[in-house]
Amino acid sequence: MISKNVILNNEVGLHARPAAVFVQTANKFSCNVYIEFNGKKVNGKSIIGVMSLGAFDGEEITIIANGVDEKQAIEELIDLVENGLNDL
């Protein structure tokens, strides 16, 4: 299991389109993916779960991956949050 903290740096956080892109990316991997925020842990492959976190710009989330491709999943999801959600 690997977990990494990352700061959301897009205007709307993990809502609507950015949440959908995160879930689509997470679903490319066979490992389990979770997001923790403010003591709540949700399935990172569930759009409802991700949106229910209410995580906004400037807030820190923890991405957790557990499984055979966990390293690749963490790397790609961290890169997505840090660099890929700004234009959505």
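Among ALA20, ALA65, which is the only one that is modelled with pLDDT of 95 or more, surrounded by 14 or more Cβ atoms within 10 Å (Cβ to Cβ), within 18 Å of GLY84 (Cα to Cα) and within 13 Å of the chain's Cα centre (by Cα)? After applying the criteria, what remains is ALA20.
Results for (1) out of contact with any Ser or Thr (no Cβ under 9 Å at 6 or more places or on another chain); (2) aliphatic (A, V, I, L, M); (3) part of a strand (DSSP E or B), shown as yes or no for each residue.
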residue	(1), (2), (3)
ASN5	no, no, yes
GLU11	yes, no, no
LEU14	yes, yes, no
PHE22	yes, no, no
LYS28	yes, no, no
VAL42	no, yes, yes
ALA65	no, yes, yes
LEU80	no, yes, no
ASP87	yes, no, no
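Quick one: in region 68-88, of everything that is under 11 Å from the mean Cα position of the chain (by Cα) and among the hydrophobic types (A, V, I, L, M, F, W, C), which residue is farthest from SER3 (Cα to Cα)? Looking at the filtered set, the residue picked out is LEU85.
Of the residues contained in region 46-61, none is found to be within 18 Å of VAL12 (Cα to Cα), under 10 Å from the mean Cα position of the chain (by Cα) and not aliphatic (A, V, I, L, M). The set of residues in region 26-39 being within 17 Å of VAL81 (Cβ to Cβ) and surrounded by fewer than 17 Cβ atoms within 10 Å (Cβ to Cβ) consists of ASN27, LYS28, ASN38. How many residues does region 35-51 contain that are basic (Lys, Arg) and either touching a strand residue (DSSP E or B) at 6+ places or on another chain (Cβ under 9 Å) or in contact (Cβ under 8 Å) with a residue 40 or more places away in the chain (or both)? Looking only at that region, the number is 2. Scanning region 68-88 for residues that are surrounded by 18 or more Cβ atoms within 10 Å (Cβ to Cβ) and in contact with a Phe, Trp or Tyr (Cβ under 6 Å, 6 or more places away or on another chain) turns up just one, ALA73. Test GLY58 against the stated conditions and say whether it is among the small types (Gly, Ala, Ser), on the phi > 0 side of the Ramachandran plot and either part of a loop (DSSP other than H, G, I, E, B) or at pLDDT 95 or above (or both). It is true that GLY58 is among the small types (Gly, Ala, Ser), on the phi > 0 side of the Ramachandran plot and either part of a loop (DSSP other than H, G, I, E, B) or at pLDDT 95 or above (or both).
The values are calculated or read from the model by the stated rules, or taken from the named source; none is laboratory data. Remember, it's a predicted structure, so these values are computed and weren't measured experimentally. A quick note on method: Cβ atoms are made from the backbone with ideal geometry, for glycine too, and the neighbour counts reach across all protein chains shown.
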